[in-house]
Each structure stands twice: as structure tokens, then as C-alpha cells.
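Quick one: structure below, then a few questions.
The values are calculated or read from the model by the stated rules, or taken from the named source; none is laboratory data. As the structure is a computational prediction, the values presented were derived from the model and not from experiment. Positions of Cβ are generated from backbone atoms using ideal geometry, with glycine treated the same way; all protein chains shown enter the neighbour counts. Ligands, DNA and RNA are excluded from the accessible area calculation, which covers all protein heavy atoms including side chains. Shrake-Rupley method; radii C 1.70, N 1.55, O 1.52, S 1.80 Å.
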Amino acid sequence: QVQLVESGGGLVQAGGSLRLSCACSGRTFSNSAMGWFRQAPGKEREFVAAINWRGDSTEFADSVKGRFTISRDNAKNTMYLQMNSLKPEDTAVYYCAADINRRRPPTRWAYDYDYWGQGTQVTVSS
């Protein structure tokens with residue numbers, strides 16, 4: 001049914017930039033709010049950013065506010081996370097997720113999401 005595939009992760013030096021993509025299969029994408037989460041070794045999964053189904057409402061974690069930008073292109077069934085001014089503490093596996101509930105605004109709670117991608121590794125060197 002619904003599949004999410006992240007791409008764009010890699011190695012980057014502190015201060016650099018990366019752009020992650022999340023491709024969603026099917027027509028579900030345009031009906032879903034989307035989010036990005038990350039998890040570093042030994043730490044809990046952490047909210048990063050979210051965007052509603054129309055793309056006109058967003059939420060960001062305080063740790064990335066002003067550095068990261070979330071966007072979506074419903075015509076291409078793709079969500080993006082532009083990451084600028086990267087820091088070593090941004091190192092983690094990044095996951096995209098889909099929330100099929102249209103009634104709520106972008107949510108930062110992992111349990112609200114219905115589908116998850118496999119993750120893509122982002123490593124920021126100091």
C-alpha cells in the first residue's frame with residue numbers, strides 16, 4: 001500500500017548542507033501530513049519537522065529552527081528537508097513519516113504517524 005523512501009543522506013562537514021527527500025507511493029501522499037524524525041545511537045527518536053497536507057503549515061523542533069526547512073511537492077509525491085548550518089549533533093538516522101489524519105495540524109508526536117520510511121544516515125563531522 002503506502003511506501004516511503006528517504007534519500008539524500010550522507011557525510012558532510014559541520015556548517016555544510018544536505019537536502020533529504022522522501023518519496024511516497026500512491027495517492028495517499030496528497031492526503032497526508034508528513035514529518036521528519038531522527039534517531040542517534042543510544043538516544044530516543046526525536047521530532048525534527050512536520051508539514052500539513054496543503055503545505056501551508058509547518059512545525060520545527062527548537063534544535064533545528066532557523067537551520068532546517070521542510071517542504072513538499074504534492075504533484076511529485078515528494079517531501080523535502082533542507083538542512084543548512086549542520087552541526088555534529090545533527091548526526092542521526094533520519095526517517096520520514098506520513099500521518100493520514102487530515103483533521104489535525106502538523107504533529108510532533110511519533111505515535112500520530114501511520115507509515116514510516118526505512119531511514120537515511122546523516123553524518124556531520126567536526
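Give the residues of the stretch 1-27 that are among the β-branched types (Val, Ile, Thr) and open to solvent by 60 Å² or more (accessible area, probe 1.4 Å), sorted by residue number.
Residues of the stretch 1-27 that are among the β-branched types (Val, Ile, Thr), as a first pass: 2, 5, 12.
Result: Val5, single match.
Another question about this same structure. Do any residues in the stretch 1-20 that are within 14 Å of Tyr95 (Cβ to Cβ) and acidic (Asp, Glu) have Cβ atoms under 8 Å from those of residues that are part of a loop (DSSP other than H, G, I, E, B) and open to solvent by 20 Å² or more (accessible area, probe 1.4 Å), where the two are at least six apart or on different chains, and which pairs are they?
Glu6/Gln118
I've got another one for you. Would you be able to say whether some residue in the stretch 28-39 is open to solvent by 30 Å² or more (accessible area, probe 1.4 Å), of a type outside the set (Ser, Thr, Tyr) and under 12 Å from the mean Cα position of the chain (by Cα)? Even if it seems obvious, please write down each step before you answer.
Initially, the stretch 28-39 is screened for residues open to solvent by 30 Å² or more (accessible area, probe 1.4 Å), giving 28, 30-31, 39.
Checking which are of a type outside the set (Ser, Thr, Tyr) leaves us with 31, 39.
Keeping just the survivors that are under 12 Å from the mean Cα position of the chain (by Cα) gives 39.
Yes, the stretch 28-39 contains at least one residue that is open to solvent by 30 Å² or more (accessible area, probe 1.4 Å), of a type outside the set (Ser, Thr, Tyr) and under 12 Å from the mean Cα position of the chain (by Cα).
Would you mention how many residues in the stretch 4-21 are part of a strand (DSSP E or B) and either over 13 Å from Gln121 (Cα atoms) or aliphatic (A, V, I, L, M) (or both)?
Residues that pass the stated criteria total 7.
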